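The next block holds one structure in the form of structure tokens; read it before the comments.
The values are calculated or read from the model by the stated rules, or taken from the named source; none is laboratory data. Bear in mind that the values here come from a model prediction, so they are computed numbers and not experimental data. Here the Cβ is made from the backbone with ideal geometry for all residues, glycine too, and neighbour counts use every protein chain on show.
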Amino acid sequence: MTLADLAACLLVLGLSAYLVLGGADFGAGLWDLTAGGPERGARVRGIVKFGMGPVWEANHVWLIFVLVVCWTAFPTAFGSITSTLYVPLFAAAIGIIFRGSAFALRGEAATIAEARVLGGTFALSSVLVPFFLGAAVGGIASGRVPVGNASGDALTSWWNPTSVTVGLTTVAVGAHLAAVFLAADSIRARQPDMVQAFRARALGSGVVSGLLAIVGLFVVRDDARSLYDGLTSGGGLALVCASAVGGLVTLGLEWRRRFDWARYTAALSVAAIVAGWAVAQRPYVLPGRLTLHQAAASHATLVALLISAAVGMLLLIPSLWYLFRLVLRGKLDTRFGPLTAGDPRAGS
């Protein structure tokens with residue numbers, strides 16, 4: 001395995017972690033959006049705040065990790081991607097900023113109207129951000145990003161059948177992960193009605209995610225044939241099958257209310273499909289246009305990056321592990337309560 005391959009493995013690791021952890025945060029925002037009116041949705045929003053409060057900022061470290069590894073290890077690809085896909089990437093960045101600000105400031109609103117605007121901003125951004133990020137991934141995977149500065153079409157590079165399907169699937173997967181995590185949080189909060197509510201959401205969103213994944217294969221077959229061939233043969237097929245099995249196991253665990261284990265199988269299912277995408281388009285970074293080794297930075301740069309990443313991981317992984325350990329043990333929990341517009345518990 002070459003240094004470029006190791007850097008690519010770091011990208012797959014970072015993307016998987018962000019899709020699982022950051023995706024669950026975004027999915028929680030979707031359940032906030034669809035919870036209902038101030039009274040009917042108050043308990044759902046209370047669990048969202050209860051579950052997200054201690055970890056939502058930490059989860060986005062993986063996005064920074066992916067960006068740094070990509071621009072350092074594969075600068076030509078990074079420049080091509082960001083200049084062609086600037087519309088969805090800029091929209092996602094703005095959404096992340098507004099989402100975080102709204103979540104933090106909900107409890108500081110002076111009026112009910114301001115609280116509702118902040119709540120709506122948080123919830124709507126939570127849906128739009130994963131869609132735009134998924135659409136950008138779809139543009140890359142379907143070969144719509146050429147090499148060069150802004151060489152691709154600013155619209156069709158991300159607004160196409162593959163991108164739209166990947167974007168919608170990303171939203172659905174995030175919603176499913178969030179429902180699983182929030183069901184487990186509801187158990188910790190001793191709220192049996194919310195356990196049942198999020199169990200139903202987990203089962204429903206899991207089925208929707210699976211159906212979108214199946215539909216996506218047919219879309220990719222017609223829109224991005226090389227990607228489809230990679231996903232339905234060799235290592236790509238094995239990882240797609242692993243993801244499907246993981247999804248079915250997760251649904252079974254959700255049915256039996258084993259949300260502690262369902263969190264892990266759901267995460268493995270997501271990681272498998274990210275790895276499957278990477279294997280399917282190997283050896284390309286930009287399918288059909290730029291290979292991994294053509295895009296790689298110099299040997300010295302890759303060595304420095306890998307050493308820095310290794311040192312960073314020695315600090316990052318134990319820190320995140322300890323944070324999640326404290327959360328799962330209830331050490332960072334705040335008192336659960338229904339969350340209504342203007343409630344001071346709305347902030348982080």
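Data for the structure
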{"item": "Scan of segment 50-98 for residues that are touching an Asp or Glu at 6+ places or on another chain (Cβ under 9 Å) and either within 20 Å of residue 121 (Cβ to Cβ) or buried (at least 22 other Cβ atoms within 10 Å of the Cβ) (or both), ordered by number", "result": "50, 51, 52, 53, 56, 59, 60, 84"}
{"item": "Residue 144 vs. criteria of a type in the set (D, E, K, R), modelled with pLDDT under 90 and out of contact with any Lys or Arg (no Cβ under 7 Å at 6 or more places or on another chain)", "result": "no"}
{"item": "Count of segment 30-59 residues which are in a loop (DSSP other than H, G, I, E, B) and at pLDDT 85 or above", "result": "2"}
{"item": "Evaluation of residue 135 against (1) surrounded by 23 or more Cβ atoms within 10 Å (Cβ to Cβ); (2) in contact with a strand residue (DSSP E or B) (Cβ under 8 Å, 6 or more places away or on another chain); (3) not β-branched (Val, Ile, Thr) (one fails), failing number", "result": "(2)"}
{"item": "Residue satisfying all of: in segment 182-227; over 22 Å from the mean Cα position of the chain (by Cα) and over 25 Å from residue 48 (Cα atoms); surrounded by the fewest Cβ atoms within 10 Å (Cβ to Cβ) among these", "result": "222"}
{"item": "Answer residue from segment 1-29, given it is closer than 18 Å to residue 290 by Cβ and among the β-branched types (Val, Ile, Thr) and is modelled with the highest pLDDT among those", "result": "12"}
{"item": "Residue match in segment 240-255 (condition: exposed (fewer than 14 other Cβ atoms within 10 Å of the Cβ), closer than 18 Å to residue 283 by Cβ and without any contact (Cβ under 8 Å) to a residue 24 or more places away in the chain)", "result": "no"}
{"item": "Residue in segment 241-255 that is assigned to a helix (DSSP H, G or I), charged (D, E, K, R) and within 18 Å of residue 268 (Cβ to Cβ) present", "result": "yes"}
{"item": "Boolean, residue 102 is under 26 Å from residue 10 (Cα atoms) and surrounded by 17 or more Cβ atoms within 10 Å (Cβ to Cβ)", "result": "no"}
{"item": "Residue list for segment 142-163, filter: surrounded by 24 or more Cβ atoms within 10 Å (Cβ to Cβ) and of a type in the set (A, V, I, L, M, F, W, C)", "result": "145, 158"}
{"item": "Of residues in segment 313-340 being part of a helix (DSSP H, G or I) and not aliphatic (A, V, I, L, M), the one modelled with the highest pLDDT", "result": "318"}
{"item": "Subset of segment 256-294 (residues that are polar (S, T, N, Q) and surrounded by fewer than 20 Cβ atoms within 10 Å (Cβ to Cβ))", "result": "291, 294"}
